[in-house]
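Asker: Dumping the structure here so I can ask a few things about it.
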Amino acid sequence: MSAQLFAALVALGREEHGLVTDGRWDDLADLNERRSRVLAALPASAPPEALQDLREAARLQALSAAALRQGLAETGAELRQVGTSRTAASGYAAGTGMPAPRPAFNGVG
């Protein structure tokens, strides 16, 4: 039973990496719940035969974390671009006599 739990961690790591690289952020909540259940069922100490699975799970976790950081950076850049575009559009509108747009609720601009 214990070996299956460690193998399940690897499978979840592969699934997580796939979700992150595909940008399927909404599916991560379900995966995290399933991982929490697996982690809660793990024994207090890992048997020696679980070492390979633990290393692979850690490797996949590092890859997912790097992909998440990259996705966060890209999203931040997109949000900054939206803010810049909104500011530029406001500047163009000022010359038309149109009223200034109301501030955005999201605080971007």
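The values are calculated or read from the model by the stated rules, or taken from the named source; none is laboratory data. Not measured: the values here are computed from a predicted model. For neighbour counting, all protein chains shown are included, and Cβ atoms are generated from backbone atoms with ideal geometry for every residue, glycine included. Only protein heavy atoms, including side chains, enter the accessible area calculation; ligands, DNA and RNA are left aside. Shrake-Rupley method; radii C 1.70, N 1.55, O 1.52, S 1.80 Å.
Asker: Any residue at all in segment 14-22 that is modelled with pLDDT of 80 or more, open to solvent by less than 70 Å² (accessible area, probe 1.4 Å), outside any helix (DSSP H, G or I) and of a type in the set (A, V, I, L, M)?
Answerer: no
Asker: What do you reckon, is ARG69 assigned to a helix (DSSP H, G or I) and open to solvent by 90 Å² or more (accessible area, probe 1.4 Å)? Reasoning before the result, please.
Answerer: Details: assigned to a helix (DSSP H, G or I): yes; open to solvent by 90 Å² or more (accessible area, probe 1.4 Å): yes.
Judged against the criteria, ARG69 is a match.
Asker: Looking at segment 40-58, which of the residues that are part of a helix (DSSP H, G or I) and without any contact (Cβ under 8 Å) to a residue 24 or more places away in the chain is farthest from the chain's Cα centre (by Cα)?
Answerer: Of all residues in segment 40-58, those part of a helix (DSSP H, G or I) come to 40-41, 48-58.
The next check asks that each one be without any contact (Cβ under 8 Å) to a residue 24 or more places away in the chain; those that pass are 40, 48, 51-52, 55, 58.
Numbers: ALA40: 22, PRO48: 31, LEU51: 26, GLN52: 25, ARG55: 21, ALA58: 16 Å.
Checking each candidate, the answer is PRO48.
Asker: Sort out which residues of segment 43-57 are more than 11 Å from LEU9 (Cα to Cα), open to solvent by 90 Å² or more (accessible area, probe 1.4 Å) and not small (Gly, Ala, Ser), and write them in order of number. Before the answer, list the steps.
Answerer: Of segment 43-57, the ones more than 11 Å from LEU9 (Cα to Cα) are 43-49, 51-52.
If we keep only those that are open to solvent by 90 Å² or more (accessible area, probe 1.4 Å) too, we end up with 44, 48-49, 52.
Listed by number, the residues that qualify are PRO48, GLU49, GLN52.
Asker: Looking at this structure, is SER36 out of contact with any Ser or Thr (no Cβ under 8 Å at 6 or more places or on another chain), without any contact (Cβ under 8 Å) to a residue 24 or more places away in the chain and outside any helix (DSSP H, G or I)?
Answerer: no
Asker: Further, regarding this structure: So is ASP26 modelled with pLDDT under 95 and within 14 Å of ALA65 (Cα to Cα) or not?
Answerer: Values: modelled with pLDDT under 95: yes; within 14 Å of ALA65 (Cα to Cα): no.
Spelling it out, it is not the case that ASP26 is modelled with pLDDT under 95 and within 14 Å of ALA65 (Cα to Cα).
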